[in-house]
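The values are calculated or read from the model by the stated rules, or taken from the named source; none is laboratory data. Worth saying up front: this structure is predicted, and the values here are computed from it rather than measured. As a convention, Cβ positions derive from the backbone with ideal geometry for all residues, glycine included, and neighbour counts pool all protein chains shown. Only protein heavy atoms, including side chains, enter the accessible area calculation; ligands, DNA and RNA are left aside. Shrake-Rupley method; radii C 1.70, N 1.55, O 1.52, S 1.80 Å.
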Amino acid sequence: MANFDDNPFAGDSENPFADPSVASVTNNAARGLEDFNPFEDQNKSQASGSKPKATTAAAPPPAPKQPPPSTSQPAVLQTKEEPPPYVIEEEQENLRRRQEDLERKAAELQRKEQELQRMQFGGYRENNFPPLPKKCPCKPCFFHDISIDIPIDYQKTCKALFYRWQVYCFVLFFNFITALALLSKGSGASTVNDGSTFGLSGLYLFANIPLSFVGWYRPCYRAFKNDSSFSYVIFFLIYFLHIGINIFYCLGIPGGGACGFINATEAVHNSVPVGAMMFVSGGLFLAGVIVDCFLLVRVHWIYRLAGASFQKAQGEFARGVASNPHVQSAATEAAAAGVRSAMTGDNRK
């Protein structure tokens, strides 16, 4: 057997631990971990002019590329949707409008309460109809408030009559405009008839509006307000006359002051637009007659329901005449004149 020395690497031609760097590392390891300085050899090598071996660190793996956001997705999914801002101005505007409505209603209720108190204590009520501007020298002639004067059961019918009177005023104005168009274009039959139609239509416009209000609407208003049989009778008499006049207007007799169906058939051959306006005017008068008949039946039903009669109307008329101050003063003067004449006759004797 071959004899080996204590050194296991004696037989090798080169000792791996004879390298100076390995020897320094082993010496440092032998001194302990506390005195170990890994940069000591590097500093020594730099001081001796030898360049250390460059060590390249492993590059980190590249970060995975994120796919670009899809353009097909809506923008709501890409960005977080925020709630719309609360608009304070709109809420303040709504509150201001509500406050104005409440103030207006409160003023209306206060006015009605004052009117009711005046009625209860017999005070003076300021007239408010027709509603004229304050700067106008003419003042309103009537007090008109359906919600105060008229009982609740009759308010609907009274409002319908008031709307009918307003529509009647519009129909008279439309008839006047149609007669003016007829005069400008001519009906082709007679120029004299066209001139008289225009003149009478103006008279109907300015006369029938106040007369219809005083003649049939105001008596019905007083009848509903005071439950007056006499006012009911006056309303029925004048309203019958009103229906007959509107039937006459609807026919449209040439030269009669109204544009109706008869003179419309003559004017349509000369001017189609004027003829169409005249047919519309006749149709409005006809529709008014139908509504008038319905309202007449409605008021007569209320008249029977309230227990009114012609005998009561006569009694109210007699009491009204007897309590009229003008009639009383005239009767007093007549009685005084009779007494004076009697005394004069006695003195002569």
Checklist line | Members of the range 232-272 found to be closer than 26 Å to Ala306 by Cβ and open to solvent by less than 10 Å² (accessible area, probe 1.4 Å), listed by number | finding: Tyr232, Phe235, Tyr239
Notebook entry, point to check: Assuming Gly307 fulfils every condition listed in (1) out of contact with any helix residue (DSSP H, G or I) (no Cβ under 7 Å at 6 or more places or on another chain); (2) in contact (Cβ under 8 Å) with a residue 60 or more places away in the chain; (3) open to solvent by less than 40 Å² (accessible area, probe 1.4 Å) apart from one, which condition is it?
Noted result: (2)
Notebook entry, point to check: Somewhere in the range 185-193, is a residue open to solvent by 70 Å² or more (accessible area, probe 1.4 Å), within 26 Å of Asn263 (Cβ to Cβ) and free of Cβ contacts under 8 Å to residues at least 24 places away in the same chain?
Noted result: yes
Margin query: Return the residues of the range 273-301 that are surrounded by fewer than 18 Cβ atoms within 10 Å (Cβ to Cβ) and more than 18 Å from Cys220 (Cβ to Cβ); say none if nothing qualifies.
Written below: Pro273, Ala276, Val280, Gly283, Leu286, Ala287, Ile290
Notebook entry, point to check: Among the residues of the range 140-174 satisfying the criterion of being hydroxyl-bearing (Ser, Thr, Tyr) and surrounded by 16 or more Cβ atoms within 10 Å (Cβ to Cβ), which is farthest from Ala287 (Cα to Cα)?
Noted result: Tyr154
Note to self: Criterion first (open to solvent by 30 Å² or more (accessible area, probe 1.4 Å), modelled with pLDDT under 90 and either within 27 Å of Asn127 (Cβ to Cβ) or not acidic (Asp, Glu) (or both)) does Ile209 satisfy it?
What the structure shows: no
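Results for (1) out of contact with any Leu (no Cβ under 9 Å at 6 or more places or on another chain); (2) without any contact (Cβ under 8 Å) to a residue 40 or more places away in the chain; (3) over 30 Å from Phe143 (Cα atoms), shown as yes or no for each residue.
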{"position": "Asp227", "(1), (2), (3)": "yes, no, no"}
{"position": "Phe230", "(1), (2), (3)": "yes, no, no"}
{"position": "Ile234", "(1), (2), (3)": "yes, yes, no"}
{"position": "Leu241", "(1), (2), (3)": "yes, yes, no"}
{"position": "Phe261", "(1), (2), (3)": "no, yes, yes"}
{"position": "His269", "(1), (2), (3)": "yes, no, yes"}
{"position": "Val274", "(1), (2), (3)": "no, no, yes"}
{"position": "Gly283", "(1), (2), (3)": "yes, yes, yes"}
Next item on the list: For Leu182, state whether it is modelled with pLDDT under 80 and of a type in the set (A, V, I, L, M, F, W, C).
Entry: no
